[in-house]
């Protein structure tokens with residue numbers, strides 16, 4: 001066996017190293033040995049230890065808007081505090097609801113979108129939810145935070161407050177219990193105005209936006225109901241929760257109605273009897289369901305013979321087209337009062353007509369029609385002409401419009417429609433254009449007009465006149 005040669009254990013760091021350019025190999029010479037070892041100058045990466053990230057308890061906590069979320073059970077102490085300190089019946093309503101709003105914000109994780117929606121809802125209800133400067137936790141000293149309780153800190157940093165100022169310290173934009181002459185507590189009205197007018201005017205009638213807005217309002221109303229904040233308005237709160245459900249249910253229906261109306265029959269009458277319609281082409285945002293005049297004549301003849309047989313007793317549909325004219329055109333808002341679907345006999349007659357037309361090579365597919373009974377109504381929308389307008393007694397009568405069955409199935413009693421209606425010389429009224437379709441719970445709140453209100457400020461600057469002319473003949477610029 002050959003003897004083992006002892007191995008040189010000198011660390012390479014202590015051996016002489018020849019200079020090398022960055023990125024090149026260096027040579028290391030061992031003492032007493034002519035052997036040179038090439039060592040790459042590239043740094044050897046060291047593997048880092050993997051550390052487990054700890055999730056904070058706040059991230060695990062729910063937002064409060066999950067589908068099956070419910071508030072955690074209260075302890076006996078919390079229950080007694082709510083019944084005896086926070087929401088006792090003898091405490092004024094404004095103090096109870098203010099406390100409730102602040103605690104609701106603290107117990108819900110509102111993202112930026114939900115937070116904005118909730119603030120808009122409160123402001124529409126007369127609660128001041130504007131952002132206040134210099135009133136956050138950063139502006140409170142540490143000694144105050146150490147001695148204060150959670151409820152006191154929440155009250156100091158709260159942004160949702162009820163105005164209680166008097167005189168120049170009051171803000172006319174919001175509710176003030178010291179000047180509550182023109183205010184009333186109405187949970188249902190605020191929810192209806194928020195979901196039917198305020199949100200659609202800001203975001204359009206987008207189903208996702210309406211659903212999220214209704215979700216925020218319903219979540220708050222459930223919190224008020226569960227914690228028994230104002231039992232004197234329990235029935236009103238229940239009705240407001242139903243408004244939130246109606247908003248989610250009717251929004252897709254309204255979008256579909258806006259696309260289908262005025263329907264095949266009314267579009268046919270417009271094509272046959274309205275000659276000059278260039279001024280109203282901007283109202284036709286969707287493609288016409290009637291392809292040509294022949295299809296319009298077939299739809300008119302079939303529907304008139306089935307729905308109004310008294311008009312064709314001594315004449316024909318072709319004669320009606322040639323002799324009838326539009327006698328009046330008016331813009332009017334209507335409310336749906338009754339809906340009558342086609343009978344089985346009428347459906348059979350439409351089916352026979354469609355079968356006859358298919359044999360002749362023309363198959364327009366005329367849909368069975370029924371009637372919608374509507375009555376004129378004034379829609380309050382904030383304009384001066386709607387504030388005091390009333391329907392004349394001679395016009396306050398029921399009007400029937402012929403509509404297709406698929407439209408009638410979508411209509412709800414109480415829906416409001418802004419229509420442009422034409423009346424024929426035969427007495428038949430048809431819908432020329434549909435300007436707007438509103439839900440059954442539509443309400444316009446006067447607070448809408450106060451959201452951007454600014455109180456007038458006295459100005460000492462004199463008004464401009466013809467004498468305010470500079471040396472060059474131009475008006476002198478303002479000082480600002």
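Results, tabulated for the structure shown:
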read-out: Qualifying residue in the stretch 269-276 (condition: surrounded by fewer than 20 Cβ atoms within 10 Å (Cβ to Cβ) and modelled with pLDDT under 85); value: yes
read-out: From the options 119, 184, 112, residue that is surrounded by fewer than 13 Cβ atoms within 10 Å (Cβ to Cβ), modelled with pLDDT of 75 or more and under 21 Å from residue 63 (Cα atoms); value: 112
read-out: Residues of the stretch 445-468 that turn out to be touching a helix residue (DSSP H, G or I) at 6+ places or on another chain (Cβ under 7 Å) and surrounded by fewer than 19 Cβ atoms within 10 Å (Cβ to Cβ), as a count; value: 2
read-out: Hey, residue 217 touching a residue at least 60 places away in the same chain (Cβ under 8 Å), outside the structural domain of residue 428 (by TED's automatic domain parsing), surrounded by 22 or more Cβ atoms within 10 Å (Cβ to Cβ) and not in a helix (DSSP H, G or I) or not; value: no
read-out: Check on residue 370, in contact with a helix residue (DSSP H, G or I) (Cβ under 9 Å, 6 or more places away or on another chain), at positive phi and without any contact (Cβ under 8 Å) to a residue 60 or more places away in the chain; value: no
read-out: Condition check for residue 255: closer than 15 Å to residue 428 by Cβ and either in a helix (DSSP H, G or I) or modelled with pLDDT of 90 or more (or both); value: no
read-out: Considering residues of the stretch 357-368 that are in a helix (DSSP H, G or I) and over 16 Å from residue 300 (Cβ atoms) only, the residue modelled with the highest pLDDT; value: 358
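Residue-by-condition table, conditions (1) loosely packed, with under 11 Cβ neighbours inside 10 Å; (2) under 40 Å from the mean Cα position of the chain (by Cα); (3) free of Cβ contacts under 8 Å to residues at least 12 places away in the same chain:
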| site | (1), (2), (3) |
| --- | --- |
| 306 | no, no, no |
| 309 | yes, no, yes |
| 324 | no, no, no |
| 336 | no, yes, no |
| 340 | no, yes, no |
| 343 | no, yes, yes |
| 354 | no, no, no |
| 360 | yes, no, yes |
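Yes/no per residue for (1) farther than 23 Å from residue 290 by Cβ; (2) at pLDDT below 85; (3) assigned to a loop (DSSP other than H, G, I, E, B):
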{"residue": "349", "(1), (2), (3)": "no, no, no"}
{"residue": "354", "(1), (2), (3)": "no, no, no"}
{"residue": "370", "(1), (2), (3)": "no, no, no"}
{"residue": "373", "(1), (2), (3)": "yes, no, no"}
{"residue": "378", "(1), (2), (3)": "yes, no, yes"}
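The values are calculated or read from the model by the stated rules, or taken from the named source; none is laboratory data. None of these values were measured; they are calculated from a predicted model. Positions of Cβ are generated from backbone atoms using ideal geometry, with glycine treated the same way; all protein chains shown enter the neighbour counts.
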